[in-house]
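Down below is the structure, laid out as structure tokens.
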Amino acid sequence: DRLAYIRDGKVFVLTFATGKTDEFDVTPTPTLVGWGKDRFVWAAADGLYSQAGDGSSQQIAGLPATGAPTVISIAPDGAHAVYSQDRDLFVLDLATGRSVKLGQGNATFQAWSPGGTELLYATPDSVIVSDLQGVTQSTLPSGDASWSTQDAILIGGDTDVLQGRPDGSNLGKLASGTFHSPLWAPNGTTFVFVRSGSMWAGTAPLLPPAPTPLDDATAVVNKFMQARLDGSSDQASAYLDAGGKAAYAAGGLNLVVTGDPRFTRFYVLSAEITGEQPDSARFVVRLVLSHGKIDVSNYEESLSLVRDAASKQFVIDQAAVGAHRDLGKGAEVVSVDVDTDTVKVTFDSDLDPATVTDGVTIVDSKGKQLNATASYANRTVTLSGLNLKVGDEYRVVVLTSLRDVLGQNVAAEYDFDFVGPTGKKHGNHKDTPAPTPSPSPTPGG
């Protein structure tokens with residue numbers, strides 16, 4: 001909503017809503033200006049600066065005293081800057097003052113990612129996607145590159161223009177012709193470029209939605225579980241890191257389930273992204289065991305995943321197992337969805353509505369029952385009127401007083417622990433809890 005620019009050695013800030021322009025006579029003399037959250041940041045010959053509360057200049061980070069460094073660009077979040085020095089390119093962390101070299105020399109800066117957590121630079125034969133530590137994330141064809149707010153990259157040149165994802169997926173030619181210095185508009189669909197000394201404008205179709213971290217983690221869990229279902233221990237082990245392998249080697253957890261009853265199917269009970277940088281996730285998977293064609297029991301495994309720094313793929317880092325439960329003894333929970341004020345518990349069969357209010361409850365970490373209004377429809381019990389706190393521990397309790405429409409009570413209390421809600425959405429996925437299932441033991445029989 002504001003534009004900062006330099007004129008006659010001063011910084012000017014234009015506010016679009018009012019049309020008002022404010023003038024700032026800053027020192028040292030600015031050579032480049034950018035934004036850092038709600039303040040402008042400028043580069044000078046010896047470093048990067050911002051204004052203190054009293055209007056005075058304060059240096060955020062210094063530049064090397066030798067080699068005539070020149071700041072080329074400031075990240076969108078104002079946390080990093082790129083500068084050149086003696087034909088080399090560096091990224092500077094403004095918080096620590098630490099610089100990291102980009103490439104092997106003669107590299108040129110191209111663009112920042114929308115959030116400023118990655119960047120593009122060009123070498124003589126390619127465009128590099130790099131993190132802020134200078135580590136290459138992917139290598140793209142050479143050309144003039146721009147990174148859109150929709151996480152798409154344009155690469156223009158003498159003969160055509162390409163569009164693709166930062167990881168190189170969905171890369172394809174948009175059009176033939178000269179497309180020099182392409183630059184995305186804020187809407188991520190329109191772009192401008194230079195041809196024959198004139199500026200032109202074009203549009204690009206939206207790429208297919210990029211997989212979210214939860215999509216990536218879900219794909220790994222499904223492949224891991226399918227390999228186990230197929231009895232392939234080697235293939236399943238490929239999705240485990242050292243911690244995951246140790247968990248399945250410690251006893252209590254079987255990588256390949258054998259014997260009778262047989263492992264015949266699985267489904268994800270709950271999934272959540274639990275962290276970033278690196279991405280981490282937690283899943284609860286239910287394994288169903290059958291005798292002949294009849295499902296007779298099930299149990300749950302809690303899987304923790306982390307994105308591997310080298311391969312960029314999720315791997316299973318930790319695993320824990322819950323107790324076995326006999327089937328055919330009342331309704332079973334098949335999913336739990338959590339929001340700040342609502343928890344939805346879905347069952348595998350129709351319930352007797354008269355038993356819902358007292359049969360499904362939520363307690364806090366001290367065992368105190370939370371006040372909630374229970375309603376029931378389409379096999380789902382909805383507990384509303386809650387005020388769940390981020391990071392606090394809660395438990396969904398399904399009591400033996402809950403009956404299905406055939407009059408059969410739940411055989412044993414079922415407890416479902418979760419931490420949440422996070423309040424953060426991931427792509428098209430709704431937040432789900434970070435569960436640690438702990439079903440009460442079922443009596444033998």
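Look through segment 72-81, keep the residues that are among the aliphatic types (A, V, I, L, M) and surrounded by fewer than 23 Cβ atoms within 10 Å (Cβ to Cβ), and return whichever of them is modelled with the lowest pLDDT. Step by step, filter segment 72-81, then rank; the result is Ala79.
For Gly34, are the conditions met, namely being under 29 Å from Arg2 (Cα atoms), assigned to a loop (DSSP other than H, G, I, E, B), touching a residue at least 24 places away in the same chain (Cβ under 8 Å) and among the small types (Gly, Ala, Ser)?
Values: under 29 Å from Arg2 (Cα atoms): yes; assigned to a loop (DSSP other than H, G, I, E, B): no; touching a residue at least 24 places away in the same chain (Cβ under 8 Å): yes; among the small types (Gly, Ala, Ser): yes.
For Gly34, the condition - under 29 Å from Arg2 (Cα atoms), assigned to a loop (DSSP other than H, G, I, E, B), touching a residue at least 24 places away in the same chain (Cβ under 8 Å) and among the small types (Gly, Ala, Ser) - is not met.
If you filter segment 97-112 down to residues that are polar (S, T, N, Q) and more than 18 Å from Ser181 (Cα to Cα), you find that the one that is surrounded by the most Cβ atoms within 10 Å (Cβ to Cβ) is Ser99.
Taking segment 223-278 as the search range and keeping residues that are of a type in the set (Gly, Ala, Ser) and either assigned to a strand (DSSP E or B) or touching a residue at least 40 places away in the same chain (Cβ under 8 Å) (or both), which one is surrounded by the fewest Cβ atoms within 10 Å (Cβ to Cβ)? Across segment 223-278, the extreme among qualifying residues is Gly252. Among the residues in segment 266-277, are any touching a helix residue (DSSP H, G or I) at 6+ places or on another chain (Cβ under 7 Å) and farther than 28 Å from His324 by Cβ? Scanning segment 266-277, I find at least one residue that is touching a helix residue (DSSP H, G or I) at 6+ places or on another chain (Cβ under 7 Å) and farther than 28 Å from His324 by Cβ, so the answer is yes. With respect to the stated conditions, Gly53 is more than 27 Å from the chain's Cα centre (by Cα), at negative phi and small (Gly, Ala, Ser).
Of the listed requirements (1) under 24 Å from Thr149 (Cα atoms); (2) modelled with pLDDT under 95, Ala122 misses just one: (2). Answer yes if at least one residue in segment 255-270 is over 24 Å from the mean Cα position of the chain (by Cα) and within 30 Å of Val356 (Cβ to Cβ), and no otherwise. Yes.
Do we find that Gly407 is surrounded by fewer than 19 Cβ atoms within 10 Å (Cβ to Cβ), assigned to a loop (DSSP other than H, G, I, E, B) and at pLDDT 60 or above in this structure? The answer is yes for Gly407.
Only one residue in Pro421, Pro435 is in a loop (DSSP other than H, G, I, E, B) and at pLDDT below 95, so which one is that? Full working, then the answer.
Working: Pro435 fails: in a loop (DSSP other than H, G, I, E, B).
Among Pro421, Pro435, only Pro421 is in a loop (DSSP other than H, G, I, E, B) and at pLDDT below 95.
For the subset of segment 32-51 comprising residues that are more than 12 Å from Ala79 (Cα to Cα) and of a type in the set (A, V, I, L, M), which member is surrounded by the most Cβ atoms within 10 Å (Cβ to Cβ)? Only one residue fits best here, namely Ala43. A single member of Asp125, Asp144, Asp160, Asp151 is touching a Ser or Thr at 6+ places or on another chain (Cβ under 9 Å), acidic (Asp, Glu), in contact (Cβ under 8 Å) with a residue 24 or more places away in the chain and surrounded by fewer than 20 Cβ atoms within 10 Å (Cβ to Cβ), and it is Asp151.
The values are calculated or read from the model by the stated rules, or taken from the named source; none is laboratory data. Quantities reported herein were computed from a predicted structural model and do not represent experimental measurements. Counting neighbours? That spans all protein chains shown, and the Cβs are built from the backbone with ideal geometry, glycine included.
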